1. Before we move on, is Ser2 of a type in the set (S, T, N, Q), more than 19 Å from Asp100 (Cα to Cα) and loosely packed, with under 14 Cβ neighbours inside 10 Å?
2. Within the range 345-373, can you find the residues that are under 23 Å from the mean Cα position of the chain (by Cα) and more than 18 Å from Asn62 (Cβ to Cβ)?
3. Tell me which residues, restricted to the range 245-293, are over 22 Å from Leu192 (Cα atoms) and either part of a strand (DSSP E or B) or of a type in the set (D, E, K, R) (or both).
4. Would you please list the contacts, defined by Cβ atoms under 7 Å and residues six or more apart or on different chains, that run from a residue in the range 122-138 that is closer than 16 Å to His297 by Cα to a residue that is among the polar types (S, T, N, Q) and in a helix (DSSP H, G or I)?
5. What about Leu94, is it within 30 Å of Asp287 (Cα to Cα), in contact (Cβ under 8 Å) with a residue 60 or more places away in the chain and surrounded by 14 or more Cβ atoms within 10 Å (Cβ to Cβ)?
6. Considering (1) buried (at least 16 other Cβ atoms within 10 Å of the Cβ); (2) touching an Asp or Glu at 6+ places or on another chain (Cβ under 8 Å), say which one Asp100 fails and leave the rest.
7. Are any residues in the range 202-243 over 22 Å from Leu85 (Cβ atoms), touching a residue at least 40 places away in the same chain (Cβ under 8 Å) and either outside the structural domain of Asp158 (by TED's automatic domain parsing) or part of a helix (DSSP H, G or I) (or both), and if so, which ones?
8. Only residues that are hydroxyl-bearing (Ser, Thr, Tyr) and under 18 Å from Asp312 (Cα atoms): list them for the range 121-154, please.
Amino acid sequence: MSYQRSPYLVAFPNSSGVRDVYGGLAEIVVLECYLLKPDIPSDTVLVFMHPIGGGAYLPMVNALARAGHHVIYAGSRFRGTDSALLMEKVVEDLGEVIKDARNRLGYAKVVLAGWSGGGSLSLFYQQQAGPLGLMPADGIMLLAAHISRHGTLTEWLDASILDESDPSRRDPELDLYNPDNPNQPPYRPAFLARYRQAQIDRNRRITRWVKATLVELQAQGRNDEERCFVVHGTMADPRWLDPTVDPNERQPGVCYLGDPRVVNNSPIGLARFCSLRSWLSQWSYDDARADGIACGHDVAVPTLVIGNLADDACTPSHTRRLFEAIGHPDKEMHEIPGANHYYSGPGQRAALTQAVDIITGWTARHGFLETAP
C-alpha cells in the first residue's frame, strides 16, 4: 500500500529556566516529526518516540505504513544526544505530540509504539499523563523494548572499573575483556552474581558523587550550574560473550553496536558523556523514574509486547519482565524467531512481516483500525 510521508514541526513554549539543547530559540521547543499517512483513512495513529533516536525511516515504521497504519515518528528535543537529557522533559515532548495529533491532525485514538528505548518512555508517559494533565494513550505497544535506560546501562556497565577518573584501574577478576581473567565463558552463577552486584555498586558510586557535587554547587549559590563528565566502560555485559546468559539466537561476541570490546569505550556508548541532573533522571539505578517495570504496573489500557529472538540489544528477559509487569489484564506477548533489533539485514523481511501482521491483528481486535468517517 502506498503512503505519503509528511515532515512537520511541533513547537511550544519552553518552560525550562535554562537552555536544554544547543542552537535554536531558548524560549521555544521545536520537535521534528513525520506523519506517514496511507491512502485509506483512519481515526487511529501509532505514535513512536525514542528519547534520542531518529527512527523515522526504521524498517518497522515504514512497514506499518505500508500495511495501512497511520504512523507518527516524533523526535524529542534531545534528538541525537543524551548528555543533558531529562526523561521528564521527554514526557512533556511526547505529550505535545499527542495533543497535536488529536487536536490538529484529528486522530480520535492514539496508540504509543514504544520501540527499544521508547518502550519505557511510553510506559512512563502513560503513568504520568493523569497527574500532569496530559492526554493518555488508548493503547501501548512495546516493540523490541528494554526495561529502562538506567536498568539497561547498569546491566552493561563495566564492573571492573575502580576509579571513574582513571579507567585503567580495574579489578582483573571482573574485567571481561582481559584474556588473563580466570573467569571466562560460560560464566559460573557465582561469578555472574558477583559481577551484577559490582555493576549496581558502580552505578551507585557515580550517583553518590553526582549528588555530592550538586550539593556543593548549591552551597555556592550556583543552583543552575552543571558539571559534565565521562562514564567509561558501558558495554561490558556478560551476555554479549556468553550466549547462555539470557539466551536467544544472537551471535556471541557481538552487540547491536558492533564488537562490545570496542564499544565499551567508544564515544557512541550509552551515557558516555553526561551531566549531573541527566544522570539522576535517566541513568541512576535508584533515582531514575522512567522505569518500565514500575510504570507498567499502572498501565490501564490494552498492551502488546513483542520481543525479537535474535536481538543483540534487548534480550528476552527484558521482554518477559515488561510483559509480567503490565497491570492491565488485556495484554499479549509474542516473540519473533530470527528477528534482530532493527529488522535489518539479510533474512529479516519475513520476521518484519510477521511482526507487522501481529500488530495489525492486535490493532484490529482492539478497534484501532477503524476508518475515519
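The values are calculated or read from the model by the stated rules, or taken from the named source; none is laboratory data. What you are looking at is a predicted structure, and each value in this text was computed from that prediction instead of being measured. All Cβ positions, even for glycine, are placed from backbone atoms using ideal geometry, and neighbour counts span all protein chains on display.
1. On the way: of a type in the set (S, T, N, Q): yes; more than 19 Å from Asp100 (Cα to Cα): yes; loosely packed, with under 14 Cβ neighbours inside 10 Å: yes.
Judged against the criteria, Ser2 is a match.
2. Trp362
3. The answer is Gly258, Arg272, Phe273, Cys274, Ser275, Arg277, Asp287, Arg289, Asp291.
4. Pro136/Gln126; Ala137/Gln126
5. When the stated conditions are applied, Leu94 does not pass them.
6. With respect to (1) buried (at least 16 other Cβ atoms within 10 Å of the Cβ); (2) touching an Asp or Glu at 6+ places or on another chain (Cβ under 8 Å), Asp100 is out only on (2).
7. If the condition is that a residue be over 22 Å from Leu85 (Cβ atoms), touching a residue at least 40 places away in the same chain (Cβ under 8 Å) and either outside the structural domain of Asp158 (by TED's automatic domain parsing) or part of a helix (DSSP H, G or I) (or both), then Pro238, Arg239, Trp240 are the ones that fit.
8. Step one: list which residues in the range 121-154 are hydroxyl-bearing (Ser, Thr, Tyr), which gives 122, 125, 148, 152, 154.
Of everything in the range 121-154, those that are hydroxyl-bearing (Ser, Thr, Tyr) and under 18 Å from Asp312 (Cα atoms) turn out to be Ser148, Thr152, Thr154.
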